[in-house]
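A.B. asks: Quick one: structure below, then a few questions.
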Amino acid sequence: MKRILLIGGLQLLAFWEVWRWYVSRAVFLWDQPWGLLAFFAAFVFLFVSKKPLPREERSLLVPTALIVLYIATYSVFPPLGRAIVAFTALAATASLLRFGKFFHPGLFGLFYLSLPALPTLQFFGGYPLRVVVAGLTAPILRIGGFAVVPEGTCLNWAGRLIWIDAPCSGIKMLWVGMFLTFVLLCLYELPIVKSALLVLLAFAVTIGANVFRAVALFYLEAGVLHLPSWGHEYAGLIAF
């Protein structure tokens, strides 16, 4: 218990700037309120887990090393980078003290999802994902008889460009898919290899669902089907 209190106190003190930044971003600026759901789910899992506490204490060298890494890179990493190191240390400590191992895939995943990183992911990953979605959507539409070719984040049909906009990048859908995946990994103790395969499968299924949404929206935006103004949102909701 003394060691637990010691490492917990060290993390609270060492990562004080991270906690302040996290509250300001996730709560007051409302960048990613759903991140709080992942944070809450991680602590609920730690509290209600039926797995017995490890009888033998394991070395806390990894969490301590992460604290040292945080201090050494504080002036180099941006706030999000410092938060990733801090949350890695927090997840490693919780996994070690609760389950007797350094890495619990579901727990680590929930802690990472709790970071207010959606705007950053949209900025860096939104465009590449939209390009991928356009590249996968065009062949499917050609099977249906439409001479569609991808052009960046657009679909070119007979000289008309159908734009795949930012919400259709699938970042938020991917976040929800990963959240459900990590919750399942918390409920079922899967080996590391099977956990990695499940994460990859969830990623592929989410991308596939987003391609399905893009195909459906092509028929609406190109005027092939005429639906009321709410048709775009309704098609997106079904795919989600």
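A.B. asks: Residue separation times 0.36 nm, minus the C-alpha to C-alpha distance between Leu136 and Leu61: what's the value?
C.D. replies: 22.4 nm
A.B. asks: Highest mean first, how do 227-234, 125-132, 68-75 rank when packing is the count of other Cβ atoms within 10 Å averaged over residues?
C.D. replies: Order by mean packing, descending: 125-132, 68-75, 227-234.
A.B. asks: Report the gain in length on full extension from Val176 to Ser24: 0.36 nm times residue separation, minus Cα-Cα distance, nm rounded to one decimal.
C.D. replies: 52.5 nm
A.B. asks: Ok, one more. Could you give the DSSP H helices of the chain that reach 30 angstrom or more along their long axis (alpha carbon positions) and whose average Kyte-Doolittle hydropathy is no lower than -1.0?
C.D. replies: Span-like helices, by this rule, are 118-143, 192-221.
A.B. asks: When only Cα pairs under 8 Å and 6 or more residues apart are kept, what is the percent relative contact order across the chain?
C.D. replies: 17
A.B. asks: Let's test the formula: R0 of 41 Å, r as the Cβ-Cβ distance of Leu237 and Leu12. What FRET efficiency results, to the nearest 0.05?
C.D. replies: That pair, Leu237 with Leu12, gives E of 0.50.
A.B. asks: What percentage of the solvent-accessible surface of the chain, computed with a 1.4 Å probe over protein heavy atoms, is contributed by carbon and sulfur atoms?
C.D. replies: 75
A.B. asks: A follow-up question, please. Of the listed values (1) 0.94; (2) 0.96; (3) 1.07, grab the one calculated as Rg/Rh (Cα atoms, Kirkwood Rh) from the structure here.
C.D. replies: The value matching this structure is (3).
A.B. asks: Just want the answer: with Cβ charges of +1 for Lys and Arg and -1 for Asp and Glu, which residue in Ser169, Thr181, Val149 is farthest toward the dipole's positive end in the range 97-240?
C.D. replies: The one lying farthest along the dipole's positive direction is Thr181.
A.B. asks: Arranged from highest to lowest average of other beta-carbon atoms within 10 Å per residue, in what order do the peptides 146-158, 188-200, 83-95 appear?
C.D. replies: Sorting 146-158, 188-200, 83-95 by mean packing, highest first, produces 83-95, 146-158, 188-200.
A.B. asks: So what are the three principal axis dimensions of the range 101-240 from its Cα atoms, in whole Å, longest to shortest?
C.D. replies: 58, 29, 26
A.B. asks: Fully extended, how many nm does the chain gain between Thr73 and Ala196 (0.36 nm per residue separation, minus their Cα-Cα distance)?
C.D. replies: Numbers: separation 123, 0.36 × 123 = 44.28 nm, distance 2.87 nm.
Result for the pair: 41.4 nm of gain on full extension.
A.B. asks: Where only protein heavy atoms count, and the probe is 1.4 Å, what is the accessible area per residue for the chain in Å²?
C.D. replies: On a per-residue basis, 57 Å².
A.B. asks: Continuing with the same structure: 222 nm [θ] for the chain, helices only, -39500 (n - 2.57) per DSSP H run of 4+, per residue, to 500?
C.D. replies: It comes out at -22500 deg cm²/dmol, rounded to the nearest 500.
A.B. asks: I would also like to ask the following. Sticking with the crude label model, points 7 Å out along Cα→Cβ, report the distance from His226 to Gln122 in nm, one decimal please.
C.D. replies: Inter-label distance under the simple model: 3.4 nm.
The values are calculated or read from the model by the stated rules, or taken from the named source; none is laboratory data. Quick caveat, the model's predicted, so the values are computed rather than measured. Every residue, glycine among them, receives a Cβ derived from its backbone with ideal geometry; neighbour counts consider all protein chains shown. The protein model used for the area step is the full one, side chains on, heavy atoms only, and it has no ligands, DNA or RNA in it. Shrake-Rupley method; radii C 1.70, N 1.55, O 1.52, S 1.80 Å.
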